[in-house]
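Here is the structure we will look at.
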Amino acid sequence: MTDPASEYADEDAPLGLGIAELSYLLSRFDSASARKSVEMLHVNEDYLSPLVTAVGASSLLARGLLHVNGDEVEPTEALSLVNYIMAASTRWIELGFVGEDDVDGGLLLQAPEASMFLQPLALGAWQVLVKDRSTSDMRTLRSLVDAHFESNPHGAVHFGSTTFESVQTLSVRCEDGQWRVGLGAGGERRDTAGGPDITSEELDRKLVELLSN
């Protein structure tokens with residue numbers, strides 16, 4: 001999968017978060033969105049224990065991403081934005097990139113004021129990229145689709161869009177210069193083998209629908 005960092009605001013390098021650090025951030029807010037983010041990030045509830053989250057906070061302090069201000073522990077501006085998105089998301093989009101020899105994935109979280117893309121790393125860690133607000137989420141997803149098929153012309157891309165009300169899926173292949181898609185709902189994913197041919201503009205509209213339904 002091509003690095004999507006060009007679509008995101010990168011003040012320095014992408015932010016890597018270990019499982020304890022991620023668990024600490026998720027434990028800071030008791031909201032429905034935070035609990036859903038725990039589920040979508042496949043974080044075991046055991047990692048939300050006081051011991052593990054304390055280890056995560058200590059690690060973030062050592063990295064300079066948390067600061068002690070009197071009796072309060074405050075995140076940096078960048079980490080605070082990451083935490084906000086986790087605790088306020090209203091849509092979680094799982095991405096699966098199928099190549100000829102491997103499968104890669106990611107997760108796009110959408111909150112009212114910002115979005116971010118996460119890629120899984122080893123041992124439960126994630127690489128986090130907060131999205132540049134000047135680029136729409138649709139354009140970001142489309143750039144990932146185009147980049148994947150440029151290096152994997154016989155591959156596929158699968159999306160699963162989850163909100164509190166619904167689950168929608170979209171599967172995409174490119175055959176002989178034509179886009180072929182399969183749609184699903186309620187967690188059902190349909191193969192794209194028999195899907196209809198659509199134009200590039202129609203694919204964009206399908207992505208907009210995925211982000212809005």
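The values are calculated or read from the model by the stated rules, or taken from the named source; none is laboratory data. Owing to the predicted nature of the structure, the values given are computational and were not obtained by experimental measurement. FYI the Cβ positions are ideal-geometry reconstructions off the backbone, even for glycines, and counts take in every protein chain you see.
Just to be sure I understand, how many residues within segment 140-182 are in a helix (DSSP H, G or I) and on the phi > 0 side of the Ramachandran plot? Let's see the steps before the verdict.
The first filter runs over segment 140-182 and keeps only residues in a helix (DSSP H, G or I), leaving 140-151.
In the following step, the residues that additionally are on the phi > 0 side of the Ramachandran plot were identified as none.
Qualifying residue count for the region: 0.
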key: Condition met for Ser6 (within 30 Å of Asp146 (Cβ to Cβ) and either at pLDDT 95 or above or in a helix (DSSP H, G or I) (or both))   = yes
query = Can you tell me which of Leu118, Leu123, Leu60, Leu79 is part of a strand (DSSP E or B), in contact (Cβ under 8 Å) with a residue 24 or more places away in the chain and closer than 22 Å to Gly18 by Cα?
reply = Leu118
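Yes/no matrix, rows are residues, columns are (1) under 15 Å from the mean Cα position of the chain (by Cα); (2) modelled with pLDDT of 90 or more:
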residue	(1), (2)
Ser115	yes, yes
Thr140	yes, yes
Ala156	no, yes
Glu165	no, yes
Val172	no, yes
Gly186	no, no
Ile198	no, no
Lys206	no, yes
Leu210	yes, yes
request  = Note down all Cβ pairs under 6 Å where the first residue falls in segment 91-105 and is farther than 17 Å from Pro153 by Cβ, the second is outside any strand (DSSP E or B), and they're at least six residues apart or on different chains.
outcome  = Arg91/Thr163; Trp92/Met40
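Considering only segment 53-75, I want to know if a residue exists there that is among the β-branched types (Val, Ile, Thr) and within 19 Å of Gly160 (Cα to Cα).
Step one: of segment 53-75, the residues among the β-branched types (Val, Ile, Thr) are 53, 55, 68, 73.
Filter once more, keeping what is within 19 Å of Gly160 (Cα to Cα): none.
Taking every residue of segment 53-75 in turn, none turns out to be among the β-branched types (Val, Ile, Thr) and within 19 Å of Gly160 (Cα to Cα).
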note = Result of the Cβ filter at 8 Å on segment 26-55, keeping first residues that are under 19 Å from Val128 (Cβ atoms) and in contact (Cβ under 8 Å) with a residue 40 or more places away in the chain and partners that are surrounded by 14 or more Cβ atoms within 10 Å (Cβ to Cβ) and among the aromatic types (Phe, Trp, Tyr), at least 6 apart or interchain, is Lys36/Trp92; Ser37/Trp92; Met40/Trp92; Leu41/Trp126
task = Within segment 137-153, count every residue that is more than 17 Å from Met40 (Cβ to Cβ), in contact with a helix residue (DSSP H, G or I) (Cβ under 9 Å, 6 or more places away or on another chain) and surrounded by 17 or more Cβ atoms within 10 Å (Cβ to Cβ).
result = 6
